[in-house]
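Before any comments, here is the structure.
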Amino acid sequence: MTLKEYQRKRNFQKSHEPEGKEDVSHESRLFVIQKHAASRLHYDLRLELDGVLKSWALPKGPSLDPGQKRLAVHVEDHPLEYGTFEGTIPKEEYGGGTVMLWDKGTWIPDGDPMEDYRKGRMHFEIQGEKLRGKWILFKMAGDKSSNKQNWLFVKSKDAHADKDIADRLLDEQDRSVSTGRSMEQIALHRDTGADQPEDSLPPPPFRLKSAQKASMPEVIHPQLPTLVETPPLDNQWLHEIKYDGYRIIAFLKNGSARLMSRNGKDWTSRLQPVAYALAGFPAQTAVIDGEVVMQRPDGTTSFQALQNSFQGPTSGTLLYYVFDLLYRDGYDLTRSPLLERKNHLAQCLGKMDPRSEVIRFSDHIQGSGGLVYEHACRIALEGIISKDGLSTYHQKRTRGWVKIKCQHRDEFVIGGYTEPSGSRTGFGALLLGIYDDKLLGSYDDKEELRYCGKVGTGFSRKQLASLKKNMVGLERKTPPFINPPKGADARGVHWINPELVAEVAFTGWTQDDILRHPAFKGLREDKPAKDVRRKTMISTKTPVKIPAHIPAKLSMDTAEAEQPKPTSRKETPEVNEAGKAGPAIKHVRLTNEQRIYYPELGTTKADLVRYYQLVSDYMLPHVVHRPLSLLRCPRGRGQDCFYQKHFTESLPVFVREIEIEDKNGAEKYIVVDDIEGLISLVQLGVLEFHPWNAREDRIDRPDLIVMDLDPAPGVALADVVKGTRLLHEFLTTLGLRSFLKTSGGKGFHVVVPLQRRSGWDVVKGFARAVAVQMTRIHPDRFVATVSKKKRAGKIYIDYLRNGRGATSVAPYSTRANHGAPISMPMTWEELSPRTAPDKYRINNIEERLRAFKEYPWKDFFNTTQSITKSIQKQIDSP
């Protein structure tokens, strides 16, 4: 089909539907469902493919029940502009009636979408605002020559399938995702269509970008910050004081307030002064995010004083510092930028009556994060919270909000107490524990509480009595810790069930993981004990700079000969630049270090660890702070290997997980920050590291393009080298600098560093356009399709490694192939028919490194370039 049929059926002088045109250069994979009240009410499914919206009419709409096969009648193609159309079509015109933009988003094909479409069976994933997960669209038997073919649209069985709401979906989700309007409201603005002016929409009482009409939520899960070491430095970040109190979400309705704690408990009765003050907030309905604190006479806040206030009168002033407005008078504000939400919140607070003294605005400083943090610590504040001023509100922990602490302060589980001595009453000290990460090599999923010291200071007499009363009812005969104190430290201890959580300030950790100088700050009633885990600070520092060369004296043989005997903990020796065995990498424990990973070379796990130590300065900048996919071979190359991007077993100590909104919802991905993390994964049998083309701090902005040249069997190496040079020359003519590395397999990788300006769709679309253009210029050499039949005798340019979630092997990563080959960076001058893609291996890497006069990719991280409009115009539309 083309747009001729679509345009033939419509009179664009009467209908406001877009006339449109085909745009094959556009490839954003738009997904749309429009509710259409024509002669018969139905829903229209539209998928962007080949420059148009392929369209199917769904008489009964979509269903989340995999058992319900919904008829989908294939109709004429629609222009891409139709994906934003909402309005009315005159009744006398084709399709006359009301059109609502019911759902929109993107779709991700599973396979070659054009080939699957031609075959009449499409498997894909939908990432919409209402529909998500995997779906199947397939053609029924019938007249294949007819444009109106009958297809079936079916939900796949996955986490997003839901039989229980299948019949209620269309009734409950009956508002436009674009304007929040009902079909009746859209119909009131007849003949306005896509050109409907903003002023014709129901006006909100305020102006915020992306504010959407919605009913007031009953529950809000607060957005939580990620703990980091240093504050962001970009000017778009807002920096606030980190308060010492309880996080409270306030729900306001007709002059009354409901105050909910972070874990969903109603604390209105505990915080009556705050509830009374909020009655003056200028709104009929509102949802406010903030923190309740107890301000002492000296102006500081005290968590302990706040907790004491729940048990009786105390000195100090109860305050509610508010920092976000999530909803107001019928409008959801969570999709508006944070800075706009805060500015509007400040305006509202300025209109409150004198009772508002209890309600304080949590002001901020924009930019200058380092200076703000320095001053916060200088005046003995707990730390700061930094928030991306352009970010929307997410009901989970994110990196759009980060916290930076001036002192160590955390929650710990109470597992016992000692008897008091002298004039003290109640108890002497609390025994603390934490649910910590397992040691490397442990595959036991059992949760284990680890003892980490005692706290005996910071208690008031009232707290000593109150805590003792709570703990007596929890006593048990055995310790709850897997490593309880012994000897004199365990004498006279009363063990209790691990249910109470204490907040403790401390100066650091000893080498034995015991708290230094702990002081009790309060009991946390808002956090379950099972959620208390030792936090890992995420480094926000710039990755290590690449050295000009590795000193010639560095020798793996020398390092191996001079390394000390393994300690009882089997710590891994670190090799320094002089070739001497240095201090051990703390806490990384090797098990079965003589396990053979590459039998043809006799390469052991310990050998592989020493290799990664050798190249760590070169490799780490390409893998740290990026989600990783791993190829694990715990028994060695070629034996039961498997790919892994999510951990199901215990997470190694020096490996982190980050949460990313994935095609299946929120998924946790593996991240490392340093050499310890890298070696932790080698300990688990990882032979290949495959990072994303984006870093975790801006996961939607890739900083690389990786073009994988994969020759078909029988293609000569000289032809592969020639093809690689042709791609390099083409990118150069576009004004893009590219870098070369071996794949460690059959071909080469051409890597283009980018500034983080464009999103995944733009980058992947550009990579595809380059690949297609190369096939047009050199049809006898290249192919850009995965079809094996078409690849015979040619080089496949794999551009698919540039999509969101796709990965490619990291520079300096080993491959799980015969001979332990390495994906090795090279200069373009080194590329010749004598350079096999698997030339560099573990057993010749030393020679390669010593030969460096300067690093082959020495300007890689200094290259500043992006996909500009002028560059895109130089490529013919594929």
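The values are calculated or read from the model by the stated rules, or taken from the named source; none is laboratory data. Predicted model, so just to flag it, every value in this text is computed and none were measured. In this analysis, Cβ positions are derived from the backbone assuming ideal geometry, glycine residues included, and neighbour counts consider all displayed protein chains. These area figures cover heavy atoms from the full protein model, side chains too; ligands, DNA and RNA do not enter into them. Shrake-Rupley method; radii C 1.70, N 1.55, O 1.52, S 1.80 Å.
Here is a yes/no grid of residues against (1) open to solvent by less than 20 Å² (accessible area, probe 1.4 Å); (2) more than 18 Å from THR742 (Cα to Cα):
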residue	(1), (2)
ALA806	no, yes
HIS818	no, no
SER823	yes, no
THR835	yes, no
ASN862	no, yes
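Within segment 661-683, if we keep just the residues that are buried (at least 20 other Cβ atoms within 10 Å of the Cβ) and among the aliphatic types (A, V, I, L, M), the residue that is nearest to ASN592 (Cα to Cα) turns out to be VAL682. Only residues that are loosely packed, with under 13 Cβ neighbours inside 10 Å and under 25 Å from ILE165 (Cβ atoms) were counted in segment 111-128, giving 0. Of all the numbered requirements in (1) out of contact with any helix residue (DSSP H, G or I) (no Cβ under 9 Å at 6 or more places or on another chain); (2) at negative phi; (3) not in a helix (DSSP H, G or I), MET100 misses one, and that requirement is (1). For segment 559-591, filtering for residues that are modelled with pLDDT of 50 or more and farther than 26 Å from ALA810 by Cα leaves 0.
Quick test for you: out of ARG476, ARG491, pick the one residue that is within 42 Å of the chain's Cα centre (by Cα) and open to solvent by 30 Å² or more (accessible area, probe 1.4 Å). Give the steps one after another, and end with the answer.
Values: ARG491 fails: within 42 Å of the chain's Cα centre (by Cα).
Step by step, each of ARG476, ARG491 is checked, and only ARG476 is within 42 Å of the chain's Cα centre (by Cα) and open to solvent by 30 Å² or more (accessible area, probe 1.4 Å).
With respect to the conditions (1) in contact with a Ser or Thr (Cβ under 6 Å, 6 or more places away or on another chain); (2) of a type in the set (Lys, Arg); (3) free of Cβ contacts under 8 Å to residues at least 24 places away in the same chain, ARG801 lacks only one, and its number is (3). For the residues SER356, SER421, the requirement of being modelled with pLDDT under 90, open to solvent by 40 Å² or more (accessible area, probe 1.4 Å) and either in contact with a Ser or Thr (Cβ under 6 Å, 6 or more places away or on another chain) or more than 30 Å from PHE654 (Cβ to Cβ) (or both) singles out SER421.
Among the residues of segment 745-802, write down those that are among the acidic types (Asp, Glu) and assigned to a helix (DSSP H, G or I). Let's see the steps before the verdict.
Taking segment 745-802 first, the residues among the acidic types (Asp, Glu) are 761, 780, 798.
The answer is ASP761, and nothing else.
Within segment 717-735, being in contact with a helix residue (DSSP H, G or I) (Cβ under 9 Å, 6 or more places away or on another chain) and either free of Cβ contacts under 8 Å to residues at least 12 places away in the same chain or not in a helix (DSSP H, G or I) (or both) holds for LEU734, GLY735. For segment 157-167, check the following and say yes or no: at least one residue is out of contact with any His (no Cβ under 7 Å at 6 or more places or on another chain), surrounded by fewer than 18 Cβ atoms within 10 Å (Cβ to Cβ) and within 28 Å of ARG8 (Cα to Cα). So far as segment 157-167 goes, no, none of its residues is out of contact with any His (no Cβ under 7 Å at 6 or more places or on another chain), surrounded by fewer than 18 Cβ atoms within 10 Å (Cβ to Cβ) and within 28 Å of ARG8 (Cα to Cα). Hey, can you tell me all the residues within segment 603-614 that are under 17 Å from VAL672 (Cα atoms) and either within 28 Å of the chain's Cα centre (by Cα) or not in a helix (DSSP H, G or I) (or both)? Within segment 603-614, TYR612 is the sole residue that qualifies. Among the residues in segment 194-213, are any open to solvent by less than 50 Å² (accessible area, probe 1.4 Å) and at pLDDT 80 or above? Yes - at least one qualifying residue is present in segment 194-213.
Would you say GLY400 is at pLDDT 85 or above, within 30 Å of ASN235 (Cα to Cα) and not in a helix (DSSP H, G or I)? Answer is yes for this residue. In the condition set (1) modelled with pLDDT of 85 or more; (2) crowded, with 21+ Cβ neighbours inside 10 Å, MET294 is compliant with all but (1).
Restricting attention to segment 616-633, and to residues there that are closer than 10 Å to PHE689 by Cα and more than 20 Å from the chain's Cα centre (by Cα), which single residue is surrounded by the fewest Cβ atoms within 10 Å (Cβ to Cβ)? Ranking the qualifying residues of segment 616-633, first place goes to ARG632.
Table: residues versus (1) closer than 14 Å to ASP289 by Cβ; (2) open to solvent by 30 Å² or more (accessible area, probe 1.4 Å); (3) under 25 Å from the mean Cα position of the chain (by Cα); (4) at pLDDT 90 or above.
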{"residue": "TYR321", "(1), (2), (3), (4)": "yes, yes, no, yes"}
{"residue": "ASP324", "(1), (2), (3), (4)": "yes, no, yes, yes"}
{"residue": "LEU338", "(1), (2), (3), (4)": "yes, no, yes, yes"}
{"residue": "GLY369", "(1), (2), (3), (4)": "no, no, yes, no"}
{"residue": "ILE379", "(1), (2), (3), (4)": "no, yes, no, no"}
{"residue": "LYS387", "(1), (2), (3), (4)": "yes, no, yes, yes"}
{"residue": "SER391", "(1), (2), (3), (4)": "yes, no, yes, no"}
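Looking at segment 23-35, can you tell me whether even one residue there is modelled with pLDDT of 90 or more, more than 23 Å from LYS130 (Cβ to Cβ), of a type in the set (Asp, Glu) and buried (at least 17 other Cβ atoms within 10 Å of the Cβ)? No, every residue in segment 23-35 fails to be modelled with pLDDT of 90 or more, more than 23 Å from LYS130 (Cβ to Cβ), of a type in the set (Asp, Glu) and buried (at least 17 other Cβ atoms within 10 Å of the Cβ).
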